[in-house]
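Below: one structure, written as structure tokens.
The values are calculated or read from the model by the stated rules, or taken from the named source; none is laboratory data. These numbers come from a predicted model, not from an experiment. Every residue, glycine among them, receives a Cβ derived from its backbone with ideal geometry; neighbour counts consider all protein chains shown. For accessibility, only protein heavy atoms count, side chains too; no ligands or nucleic acids. Shrake-Rupley method; radii C 1.70, N 1.55, O 1.52, S 1.80 Å.
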Amino acid sequence: MALIEIEHLSHVYHAGEEGEQTALDDLSLSIERGEFVAVLGSNGSGKSTLAKHLNALLLPTSGACRIDGIDTREEADVWRIRQKVGMVFQNPDNQLIAAVVEDDVAFGPENLGVPSAEIRRRVDEALKAVNMTEFRSYAPHLLSGGQKQRIAIAGTLAMQTEAIVFDEATAMLDPEGRAEILSIVQRLHEEQGITVVYITHFMEEAAAADRILVLDHGRLVMDAPPREVFRHARELRALGLEVPLAVELRDRLRAAGVALPEDLLTPAELVAALSGKGGAASGD
Amino acid sequence: MAIELQDVSFTYLPGTPYERQALRGINLKIQEGSITALAGHTGSGKSTLLQHIGGLLHPDRGQVCIDGADLAAHTKQEKRAALAACRKVGLVFQYAEHQLFEESIYEDIAFGPRNFGLAETDVEARVREAMARVHLDYDAYRDRSPFQLSGGQMRRVALAGVLALHPAYLVLDEPTAGLDPRGRRELLQMIRELHAAEGTTIVFVSHNMEDVFAIADEVVVLRQGMILLQGAPADVFAQGEQIAAAGLRQPELMRLLSALRAAGVPLSAEETAVRTPAEAAQAIVCALKEKGGRTHAQ
């Protein structure tokens, strides 16, 4: 059984009222345990609506969303679902609540009635996993945006969630903060096998995932590994998206007759291809 | 005519345990007609600086002058001059769409000009013009609720509300944060068009170095409340170590081209500082031909 199963899920805001809006339209997909899935789509494509279904913050208008087999509409199970799927939102200032970092991380397990020795252990581990141990007694509002997001991640780790959903968690961060969050996400995924659903507007970040879902008007229009998705530059641009810079250069160079693999993805691959075999460069 | 900051220092919450000096002796002249980017790590002082230019904060020490008028005025006469100077500055906040409040797009954009005391016919002309500037069709959108637009469109309405005041200086805090790639490209394009058509001086804060590289002709890099680097983007970003010391990263295109150069692709230093992928591709093709030619000649 997949960790996340979505079947014919539709979500309509203001159903039957003026301003009715279909945000998700008959969406079906599943995400296995341990996957790192990026979600792309223009503003208004339904990405955030999808994210909120994954821990029962929103419920389907029709269709179903199941987390580890539990239907999100089972009201009695909502806390079981939220122990399985954690969320990190866009604005770091909207999700920290306590006056001290370690209290903030402890908030989730405390609410679940976890014994205090166990909470202590989880908080220590969670802070260590996001490299924030030395900030344990700081006030969250004195931290940088990237550090606040790391605390938010630690909060979900302390809940021992199997999956973390990142809803544009790097959108408000500076470049250093962005890089630091992405590297922590990659490490949690690789070392702890955390399932990651990563919503972003940054194509370079999406390229780090195992699989990319592309949404458009609430529908799933692409579902493939980054190498495959980023072969379709024209289609992506038509959806208001972009391709990573290395991919754009790849396509321009190929059009100018430079021999490059058509699924080349990263800057490192581009450098290797162009410098390693300089002779393979020109077609003539 | 220009925005001039002389020896500007500012401290938040002085005399409390949270006291923090945000600006330390800033001297900066922003030339009329330029597009100037203020870049820096979180906490470097860039937003504080922006709020000084907008007249929202006054320095503890030093002066902020717009076209020669000191914004921190004391006498009645100075205050009048300061108010007139402040009105030349249009300030667009971060996530400006959160400040929309009216029932229709027309009313939201008309709010500022009406507050300035313009007659209704002039207000209408300003709204039309501002909507055209942000590529929103007047007849199709004027009566629509701003809250039914996409995030990118809402931000454009907020921008139009400021443009309707005809600012000589347009000051923007993180104008593209949170927008999707198309929204980002369109917004930068609008800023560029406005600059070309009206000669509006643009000052913007960004931690997206791609945006800075794409439209700025002057970059000011701040670090710990002081100016670390200042100059043309290509020159400033070429100083990789200093950029890293400021907690920033070089634009991705420059990093990629520098990596190619380091790996032996014969690109010149100037070629690693080109601003668009199209120029970069052309430079790479030329460099590869040169390299290929050399290899054959040997």
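Using only alpha-carbon positions, what ratio does the radius of gyration of chain A give when scaled by 2.2 N^0.38 Å? Can you show the working numbers first?
Values: Rg = 20.5 Å, N = 284, 2.2 N^0.38 = 18.8 Å.
Ratio of Cα Rg to 2.2 N^0.38 Å: 1.09.
Among bridges DSSP assigns within the protein assembly as shown, what percent are antiparallel (round to 5)?
Values: 40 of 75 bridges.
About 55 percent, rounded to the nearest 5.
Note down the nm distance, to one decimal, between modelled labels 7 Å out along Cα→Cβ at A:Leu59 and at A:Ala259.
Between A:Leu59 and A:Ala259, the label points sit 6.1 nm apart.
Tell me, in nm to one decimal, what length is gained between A:Glu75 and A:Ser30 on full extension, where the rule is 0.36 nm per residue of separation less the Cα-Cα distance? Walk me through the intermediate numbers first.
Working: separation 45, 0.36 × 45 = 16.20 nm, distance 2.18 nm.
Stretched fully, the A:Glu75-A:Ser30 segment lengthens by 14.0 nm.
Report the relative contact order of chain A, percent, no decimals, based on alpha-carbon pairs under 8 angstrom and at least 6 residues apart. Can you show the working numbers first?
Details: 537 pairs, mean separation 59.9, N = 284.
Relative contact order for chain A comes out at 21 percent.
Please report the relative contact order for segment B:24-141, taking Cα pairs under 8 Å with a sequence separation of at least 6, and give it as a percent rounded to a whole number. Let's see the in-between values first.
Values: 65 pairs, mean separation 13.2, N = 118.
Result for segment B:24-141 is 11 percent.
Would you work out the relative contact order for segment B:2-248, in percent, from Cα pairs under 8 angstrom that are 6 or more residues apart? Mind showing how you got there, number by number?
Details: 466 pairs, mean separation 65.4, N = 247.
The normalised contact order for segment B:2-248 reaches 26 percent.
Using Stokes-Einstein with the Kirkwood hydrodynamic radius over Cα pairs, what translational diffusion coefficient do you get for the protein assembly as shown at 37 °C and a viscosity of 0.692 mPa s, in µm²/s rounded to a whole number? It would help to have the intermediate numbers written out before the result.
On the way: Rh = 26.0 Å.
Taking Rh from Cα pairs, D becomes 126 µm²/s.
Please report, in cubic angstrom per residue, the volume enclosed by the convex hull of the alpha-carbon atoms of segment B:84-217.
On the way: hull volume 13.7 nm³, N = 134.
Each residue corresponds to 102 Å³ of Cα convex hull volume.
Put one equal scatterer on each alpha carbon of segment B:251-298, apply the Debye formula with no solvent term, and list log10 I(q)/I(0) at q = 0.17 1/Å to two decimals.
Values returned for q = 0.17 Å⁻¹ are -0.44.
Taking the Cα atoms only, what angle lies between the long axis of helix A:101-111 and the longest principal axis of chain A, rounded to 10 degrees?
Once rounded, one gets 70 degrees.
Can you tell me the 0 to 90 degree angle between the C-alpha axis of helix A:245-255 and the longest principal axis of chain A, rounded to 10?
The two axes meet at around 20 degrees.
Through the Karplus equation 6.51 cos²θ - 1.76 cosθ + 1.60, θ set to phi - 60°, convert the phi angles of segment B:106-113 into ³J(HN,Hα) values in whole Hz; use x for Gly and Pro.
With the stated coefficients, segment B:106-113 comes to 4, 5, 5, 6, 6, 4, x, x Hz.
Once amide H atoms are placed 1.01 Å from N in the peptide plane, what residues at a sequence separation of 5 or more from A:Val88, or on another chain, have their amide H within under 5 Å of its amide H?
Answer set, sorted by chain and number: A:Val165, A:Phe166, A:Asp167.
Let me test this: with uniform point scatterers at the alpha carbons of segment B:75-115, what is the Debye-based log₁₀ I(q)/I(0) at q = 0.15, 0.20 1/Å?
Cα-only, vacuum Debye calculation for segment B:75-115: -0.53, -0.76.
How large, in Å, is segment A:108-156 by the Kirkwood hydrodynamic radius built from its alpha-carbon pairs? Write down the numbers at each step before the final one.
Values: mean 1/r = 0.0893 Å⁻¹.
The Cα-based Kirkwood calculation yields 11.2 Å.
Please compute the modelled spin-label separation between A:Tyr13 and B:Glu241, points set 7 Å along Cα→Cβ, answer in nm with one decimal.
Reported label-point gap for B:Glu241 and A:Tyr13 is 5.0 nm.
What residue among B:Gly68, B:Gly231, B:Gly117 has the largest mean-square fluctuation in a Gaussian network model of chain B, using Cα springs under 10 Å?
Fluctuation is largest for B:Gly117.
Output the antiparallel fraction of DSSP beta bridges having both residues in chain A, as a percent to the nearest 5. Provide the component values of the computation, followed by the final result.
Numbers: 20 of 37 bridges.
Here the share of antiparallel DSSP bridges comes out near 55 percent.
Could you pull the Rg and Dmax for segment A:7-112, using just the Cα atoms, both in Å?
15.6, 45
Mind listing which GluC sites (Glu not before Pro) in segment B:1-46 are in a DSSP loop and have 10 or fewer other Cβ atoms within 10 Å? Please report the intermediate quantities before stating the final value.
Details: sites: B:Glu4, B:Glu19, B:Glu32; in loops: B:Glu19, B:Glu32.
Passing both the DSSP loop test and the Cβ count: B:Glu19.
Straight-line reach from A:Lys84: which lysines have Cα under 23 Å away, leaving out those fewer than 8 places along the same chain?
Candidates past the 8-residue exclusion: A:Lys47, A:Lys52, A:Lys128, A:Lys148.
Taking 37 °C and 0.692 mPa s as the conditions, I'd like the Stokes-Einstein D for segment A:58-121 in µm²/s, using the Kirkwood hydrodynamic radius from alpha carbon pairs.
Working: Rh = 13.9 Å.
Here the translational diffusion coefficient equals 235 µm²/s.
Viscosity 1.306 mPa s, temperature 10 °C: give me the Stokes-Einstein translational D for segment A:187-241 in µm²/s, with Rh taken as the Kirkwood radius over C-alpha pairs. If you can, show how the numbers build up before the last one.
Details: Rh = 12.1 Å.
So the translational diffusion coefficient is about 131 µm²/s.
Which whole-percent values make up P(r) of segment A:201-275 when all C-alpha to C-alpha distances are grouped in 10 Å steps starting at zero?
For segment A:201-275, the binned pair fractions read 19, 54, 23, 4, 0 percent.
Could you pull the Cα extents of chain B along its three principal axes, largest to smallest, in whole Å?
77, 53, 36
Pop out a list of residues from segment B:231-260 that are at least 40 Å² less accessible with all the protein chains around than in their chain alone; 1.4 Å probe, no ligands or nucleic acids counted.
Buried by 40 Å² or more upon assembly, which counts only protein chains, are B:Arg249, B:Glu252, B:Leu256, B:Leu260.
Could you state the angle between the C-alpha long axis of helix B:151-163 and the longest principal axis of the C-alpha atoms of chain B, as a value from 0 to 90 degrees rounded to the nearest 10?
So the helix axis and the longest Cα principal axis differ by about 60 degrees.
Largest first, how would B:His41, A:His141 line up by accessible area (1.4 Å probe)? If you can, show how the numbers build up before the last one.
Numbers: B:His41 50, A:His141 120 Å².
From most accessible down to least: A:His141, B:His41.
Round to the nearest 0.05 the FRET efficiency obtained for B:Asp60 and B:Glu193 when R0 = 51 Å and r is the Cβ-Cβ distance. All intermediate terms of the calculation are to be shown ahead of the outcome.
Details: r = 38 Å, r/R0 = 0.75.
Computed FRET efficiency for B:Asp60 and B:Glu193: 0.85.
Name the most mobile residue of A:Gly86, A:Gly177, A:Gly41, meaning the one with the largest mean-square fluctuation, in a Gaussian network model of chain A with Cα contacts below 10 Å.
Of A:Gly86, A:Gly177, A:Gly41, the Gaussian network model singles out A:Gly177 as fluctuating most.
Pick out, in residue order, every one of the chymotrypsin sites (Phe, Trp or Tyr not before Pro) in segment B:1-98 that is DSSP loop and has at most 12 other C-beta atoms within 10 Å; say none if there are none.
Numbers: sites: B:Phe10, B:Tyr12, B:Tyr18, B:Phe93, B:Tyr95; in loops: B:Tyr18, B:Phe93, B:Tyr95.
Here the sparse-neighbourhood loop sites are B:Tyr18.
Given springs between every Cα pair under 10 Å in a Gaussian network model of chain B, which of B:Ile284, B:Ile105, B:Ile202 has the largest fluctuation?
With Cα springs under 10 Å in chain B, the top fluctuation among B:Ile284, B:Ile105, B:Ile202 is at B:Ile284.
Can you give the alpha-carbon Rg of segment B:214-298 over 2.2 N^0.38 Å, where N counts its residues?
Working: Rg = 15.2 Å, N = 85, 2.2 N^0.38 = 11.9 Å.
Ratio of Rg to 2.2 N^0.38 Å for segment B:214-298: 1.28.
Is it possible to state the helix-based mean residue ellipticity at 222 nm for chain A, with each DSSP H run of 4+ residues giving -39500 (n - 2.57), the sum divided by total residues, to the nearest 500 deg cm²/dmol? What is it?
Per the formula, -11000 deg cm²/dmol.
With a Förster radius of 51 Å, plug the Cβ-Cβ distance of A:Glu235 and A:Ile97 into 1/(1 + (r/R0)^6) and report the FRET value to the nearest 0.05.
On the way: r = 42 Å, r/R0 = 0.82.
Once rounded, the FRET efficiency stands at 0.75.
Whenever you get a sec, compute what percent of the accessible area on the protein assembly as shown sits on carbon and sulfur atoms (1.4 Å probe).
Working: 12210 of 25320 Å².
Here it works out to 48 percent.
How high is the FRET efficiency between B:His74 and B:His98 when r is their beta carbon distance and R₀ equals 25 Å, given to the nearest 0.05? Don't skip to the end; give the middle numbers.
On the way: r = 34 Å, r/R0 = 1.36.
For R0 = 25 Å, the calculated efficiency reads 0.15.
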